[in-house]
């Protein structure tokens, strides 16, 4: 039985080796495509269609590492915005989770509309989100923050008999490899989160 199995295996190997090189390359390309498609699916948060937290953190760390190894290149700074939806629990408790989902959808749309195609927008969990702005200055990050707030303020969502205007607290941090090389992705996100909490305290949002 073992001899027959070995012979069958050897025949299968010879059949593949006899195929044209283009055929084998095609198989490899298809394999790479399927792996890439699976990785892409695993990176997506299913409810919003945004990146999930592990994928966002991995991409952020990769961007930081790349910039640390190429300090002489232009446009080295990156920015992280950390966003928390104000009062989402109260909306859920008062109007139901359908209204809360409307708020989340409005915030997601505002973040996507306020950023560039090469930026990364992620749901970090619950009512918290993060944005990675590549090759961006403080003014660019502040501009993105202002655009998000402006887009949210322009919306009035109908929940039963009341109109709800979605609001969010946003913390901003700028990272540059010349000044902050020792900081990793976790520390950068934590700092942006702290700035977001400071804004909530300033505005007395609970």
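Residue by residue, here is whether (1) at pLDDT below 90; (2) out of contact with any helix residue (DSSP H, G or I) (no Cβ under 6 Å at 6 or more places or on another chain) holds:
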| residue | (1), (2) |
| --- | --- |
| 98 | yes, yes |
| 108 | no, yes |
| 142 | no, yes |
| 172 | no, no |
| 189 | no, yes |
| 194 | no, yes |
| 197 | no, yes |
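Do we have any residue at all in the range 124-139 that's within 20 Å of residue 170 (Cβ to Cβ), in a helix (DSSP H, G or I) and touching a helix residue (DSSP H, G or I) at 6+ places or on another chain (Cβ under 9 Å)?
Among the residues of the range 124-139, not one is within 20 Å of residue 170 (Cβ to Cβ), in a helix (DSSP H, G or I) and touching a helix residue (DSSP H, G or I) at 6+ places or on another chain (Cβ under 9 Å), which makes the answer no.
Restrict the check to the range 174-193 and report whether at least one residue is farther than 20 Å from residue 58 by Cα and outside any loop (DSSP other than H, G, I, E, B).
yes
Name the residue, out of 55, 110, that is within 19 Å of residue 132 (Cα to Cα), under 14 Å from the mean Cα position of the chain (by Cα) and either assigned to a helix (DSSP H, G or I) or not assigned by TED's automatic domain parsing to the domain that holds residue 143 (or both).
55
Before we move on, is residue 103 modelled with pLDDT under 90 and in contact with a helix residue (DSSP H, G or I) (Cβ under 7 Å, 6 or more places away or on another chain)?
no
So that you can scan it fast, the table gives a plain yes or no per residue for (1) surrounded by fewer than 15 Cβ atoms within 10 Å (Cβ to Cβ); (2) in contact (Cβ under 8 Å) with a residue 60 or more places away in the chain:
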position: 63; (1), (2): no, yes
position: 66; (1), (2): yes, no
position: 79; (1), (2): no, yes
position: 92; (1), (2): no, no
position: 110; (1), (2): no, no
position: 113; (1), (2): yes, no
position: 117; (1), (2): yes, no
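Would you check if residue 103 is buried (at least 17 other Cβ atoms within 10 Å of the Cβ) and either under 17 Å from residue 199 (Cα atoms) or more than 19 Å from the chain's Cα centre (by Cα) (or both)?
No; evaluated as a whole, the condition is false for this residue.
The values are calculated or read from the model by the stated rules, or taken from the named source; none is laboratory data. Please read all numbers here as calculations on a predicted model, not as lab measurements. Glycine gets a Cβ as well: all are built from the backbone with ideal geometry, and neighbour counts include every protein chain shown.
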